[in-house]
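One structure is given here, and the rest of the page talks about it.
The values are calculated or read from the model by the stated rules, or taken from the named source; none is laboratory data. Worth saying up front: this structure is predicted, and the values here are computed from it rather than measured. Cβ atoms come from the backbone with ideal geometry, glycine included; neighbour counts cover every protein chain shown. In case anyone asks, the SASA skips ligands and DNA or RNA and just uses the protein heavy atoms, side chains included. Shrake-Rupley method; radii C 1.70, N 1.55, O 1.52, S 1.80 Å.
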Amino acid sequence: MSAIAGVCGLDPADQIPHNGRALFGRKRMIQTYTPPVIGVIGGSGVYDIDGLTNTQWKQMVSPFGLPSDELLFGELDGQKIVFLPRHGRGHRVPPSGLNFHANIDVLKRAGVTEIISISAVGSLKEEYAPGHFVIVDQFIDRTFARKKTFFGEGCVAHVSMADPVCGRIGGHLADALNDLNIAHTRGGTYLVMEGPQFSTRAESDLYRSWGCDVIGMTNMPEAKLAREAEMCYATIAMVTDYDCWHADHDDVTVDAVIKVVNENAEKARSLIKAVAPGLSGRADACSKGCHNALDHAIITPPEARDPDAVAMLDAVAHRVIEF
């Protein structure tokens, strides 16, 4: 077995030679139900998960390049967990430098069916003080330097983003936060900025006038790609600061943010432990339709699809495209 095939979990017998595309172009059976595997994408300060058993860090490869770091495979009370530190251990990768496509692709290849995204954010509302958690249900995407789809020229698809997160997971997260007595709000709009600089005061005031609740740099196109990959996705936004709009607070500094980040990270680890049992009880595909997002999304007919473009989709679109 080749080193790459071994890392991906591929059997060389499954590889179909096709102009050098053997690794990522092979036929798969369409599955109607996949047992839940929880993926956790850790944001600033969350570089591992405590309490996992049977742990192993593995390097995964993707046709879209390398992800932010190795994946940590493990279990929590029998529930399979796969963890990816979004910025890499040691926080080496800036927001605009993240390979979002590779990150989502390797999680899909690892069998992940639902993603909990943990993200450090600034608050745009007085009542959301540092340390407050928001279970986000909407996004405004203001990023401009990032490719935002798996489906480009050669194979075009349009998925719905009207409800960009999984409400089923959101409910489990709310229950867990209640049990842990962590201050939180269910529902809120996350303004995703390009970064890596923080906002100007004028920008912060503008986003507040739009009714946004929190601001951050990492959840787009992550949420869009997770939807295209037919994975449930939910965001826990951990407030670290008041952005720069608040007259009674200092402007955002890295030192101030890191202090709160470290406090929030411990809460986030406790949250993952508390929410895992509820998510492990799913007995069918997601009731919110997350696992069927591509049913009517691909608009390019099979005879017009570019084989090279299609070959790269063997993980994210294996349910609806035959390889």
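Among the residues of the range 178-197, those that are closer than 26 Å to His101 by Cβ and not small (Gly, Ala, Ser) comprise Thr189, Tyr190, Leu191, Val192, Met193, Glu194, Pro196, Gln197.
Where strands (runs of 3 or more DSSP E) sit wholly within the range 111-153, those with at least 2 residues that are small (Gly, Ala, Ser) occupy 114-123.
Only one of the numbered conditions (1) touching a strand residue (DSSP E or B) at 6+ places or on another chain (Cβ under 7 Å); (2) over 30 Å from Phe144 (Cβ atoms); (3) modelled with pLDDT under 95; (4) surrounded by fewer than 19 Cβ atoms within 10 Å (Cβ to Cβ) is not met by His18, and that is (1).
The residues of the range 204-222 that are in contact with a strand residue (DSSP E or B) (Cβ under 9 Å, 6 or more places away or on another chain) and not in a strand (DSSP E or B), listed by number, are Ser204, Tyr207, Trp210, Gly211, Cys212, Asp213, Met217, Thr218, Asn219, Met220, Pro221, Glu222.
Please verify whether Ala285 is assigned to a loop (DSSP other than H, G, I, E, B), of a type in the set (Gly, Ala, Ser) and under 21 Å from the mean Cα position of the chain (by Cα), treating the condition exactly as stated. So Ala285 fits the description; yes.
Each residue in the range 303-319 was checked for being open to solvent by 50 Å² or more (accessible area, probe 1.4 Å) and either within 13 Å of Val159 (Cβ to Cβ) or in contact with a helix residue (DSSP H, G or I) (Cβ under 9 Å, 6 or more places away or on another chain) (or both), and 1 pass.
Determine whether the range 272-281 contains at least one residue that is open to solvent by less than 10 Å² (accessible area, probe 1.4 Å) and in contact with a Pro (Cβ under 7 Å, 6 or more places away or on another chain). Within the range 272-281, one or more residues are open to solvent by less than 10 Å² (accessible area, probe 1.4 Å) and in contact with a Pro (Cβ under 7 Å, 6 or more places away or on another chain).
Regarding Ile81, is this residue under 12 Å from Glu222 (Cβ atoms) and touching a residue at least 12 places away in the same chain (Cβ under 8 Å)? The answer is no for Ile81.
All conditions but one from (1) open to solvent by 10 Å² or more (accessible area, probe 1.4 Å); (2) part of a helix (DSSP H, G or I); (3) in contact with a Phe, Trp or Tyr (Cβ under 7 Å, 6 or more places away or on another chain) apply to Val165; the one that does not is (2). Given the criteria open to solvent by 30 Å² or more (accessible area, probe 1.4 Å), over 16 Å from the mean Cα position of the chain (by Cα) and at pLDDT 95 or above, does Ser204 qualify? It is false that Ser204 is open to solvent by 30 Å² or more (accessible area, probe 1.4 Å), over 16 Å from the mean Cα position of the chain (by Cα) and at pLDDT 95 or above. Report yes if Cys244 is in contact with a helix residue (DSSP H, G or I) (Cβ under 6 Å, 6 or more places away or on another chain), open to solvent by less than 30 Å² (accessible area, probe 1.4 Å) and either in contact (Cβ under 8 Å) with a residue 12 or more places away in the chain or in a strand (DSSP E or B) (or both), otherwise no. When the stated conditions are applied, Cys244 passes them.
Contact list please: Cβ distance under 9 Å, first residue in the range 155-183 and among the hydroxyl-bearing types (Ser, Thr, Tyr), second residue part of a helix (DSSP H, G or I), pairs at least six apart or on different chains. Close Cβ pairs satisfying both conditions: Ser160/Arg227. All of His101, His87, His158 fail the test of being out of contact with any strand residue (DSSP E or B) (no Cβ under 7 Å at 6 or more places or on another chain) and open to solvent by 30 Å² or more (accessible area, probe 1.4 Å), apart from His158. The set of residues in the range 51-78 being over 19 Å from Arg109 (Cβ atoms) and touching a helix residue (DSSP H, G or I) at 6+ places or on another chain (Cβ under 6 Å) consists of Gly51, Leu76.
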